[in-house]
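The values are calculated or read from the model by the stated rules, or taken from the named source; none is laboratory data. Computed from a predicted structure; not experimentally measured. We place every Cβ from the backbone using ideal geometry, glycine too, and count neighbours over all the protein chains shown.
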């Protein structure tokens with residue numbers, strides 16, 4: 001299962017474990033590791049990597065806005081922590097001007113991003129923290145004719161994000177491995193039922209940071225749904 005709230009599922013999972021039912025989390029975990037295994041992207045370092053890409057695009061100085069997708073999931077929290085910590089520890093000339101939460105609604109994102117762009121006339125970067133956030137940010141930047149002025153880096157992958165990379169309205173995106181999470185998650189449950197639990201509860205399923213520079217590289221093209 002994948003948790004929409006890092007705390008709300010703890011008691012149900014504890015009850016399942018007490019009933020000797022194996023529980024494997026994928027993608028979004030719990031604040032307390034009461035499960036048997038958790039397969040996911042290691043979101044804190046990937047958030048930091050997204051920060052590096054955005055900062056490099058603007059030469060190490062300027063204003064960045066963040067559009068995140070929810071307030072209660074571990075993925076949201078970890079990506080944001082990784083990004084902010086990287087900015088604060090490495091880039092003194094970068095200012096994060098705002099963080100908004102869009103509930104994965106591209107229309108809401110577009111409105112939030114538009115407000116941020118209008119309020120910060122010298123905004124240089126926007127980070128969309130999941131697929132829908134990225135798409136909404138691109139829509140806002142495009143409608144305001146800021147494609148050549150504001151760089152966009154996203155998270156996840158879709159046909160729209162690939163189109164954005166090809167058209168250069170998106171400069172990069174962190175591509176996760178959802179098929180690995182799903183297939184390995186099922187295999188982990190089978191292994192537990194057969195008496196072979198994983199060596200570690202926490203399993204990093206990997207991520208590929210796809211940018212305009214490496215889009216055609218073998219590793220990028222091998223990432224899920226890259227075409």
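Taking the range 3-33 only, how many residues are buried (at least 19 other Cβ atoms within 10 Å of the Cβ) and under 21 Å from residue 199 (Cα atoms)?
9
Given the residues 52, 105, which is the only one that is within 26 Å of residue 158 (Cα to Cα), surrounded by fewer than 16 Cβ atoms within 10 Å (Cβ to Cβ) and out of contact with any helix residue (DSSP H, G or I) (no Cβ under 6 Å at 6 or more places or on another chain)?
105
Please specify each residue of the range 204-220 satisfying the condition of being outside any loop (DSSP other than H, G, I, E, B) and out of contact with any helix residue (DSSP H, G or I) (no Cβ under 7 Å at 6 or more places or on another chain).
The answer is 204, 218, 219, 220.
Among the listed residues 105, 156, 125, 160, identify the single one that is touching a strand residue (DSSP E or B) at 6+ places or on another chain (Cβ under 7 Å), at pLDDT below 95, in the same structural domain as residue 62 (by TED's automatic domain parsing) and closer than 23 Å to residue 80 by Cβ.
After applying the criteria, what remains is 156.
When you look at residue 8, is it out of contact with any helix residue (DSSP H, G or I) (no Cβ under 7 Å at 6 or more places or on another chain) and assigned to a helix (DSSP H, G or I), yes or no?
When the stated conditions are applied, residue 8 does not pass them.
Tell me, which residue of the range 77-94 that is within 16 Å of residue 59 (Cα to Cα) and touching a helix residue (DSSP H, G or I) at 6+ places or on another chain (Cβ under 6 Å) is surrounded by the fewest Cβ atoms within 10 Å (Cβ to Cβ)?
91
Identify, by number, the condition in (1) touching a strand residue (DSSP E or B) at 6+ places or on another chain (Cβ under 8 Å); (2) within 18 Å of residue 104 (Cβ to Cβ); (3) modelled with pLDDT under 95 that residue 50 doesn't meet.
(3)
Checking residue 182 against (1) in contact with a helix residue (DSSP H, G or I) (Cβ under 6 Å, 6 or more places away or on another chain); (2) closer than 22 Å to residue 45 by Cα, which test does it fail?
Here residue 182 meets the rest and fails (1).
Determine which member of the set 149, 120 is in contact with a strand residue (DSSP E or B) (Cβ under 6 Å, 6 or more places away or on another chain) and surrounded by fewer than 20 Cβ atoms within 10 Å (Cβ to Cβ).
Exactly one of 149, 120 is in contact with a strand residue (DSSP E or B) (Cβ under 6 Å, 6 or more places away or on another chain) and surrounded by fewer than 20 Cβ atoms within 10 Å (Cβ to Cβ), namely 120.
Touching a helix residue (DSSP H, G or I) at 6+ places or on another chain (Cβ under 8 Å), crowded, with 20+ Cβ neighbours inside 10 Å, without any contact (Cβ under 8 Å) to a residue 40 or more places away in the chain and not assigned by TED's automatic domain parsing to the domain that holds residue 25: is that true of residue 99 in this structure?
No, not satisfied.
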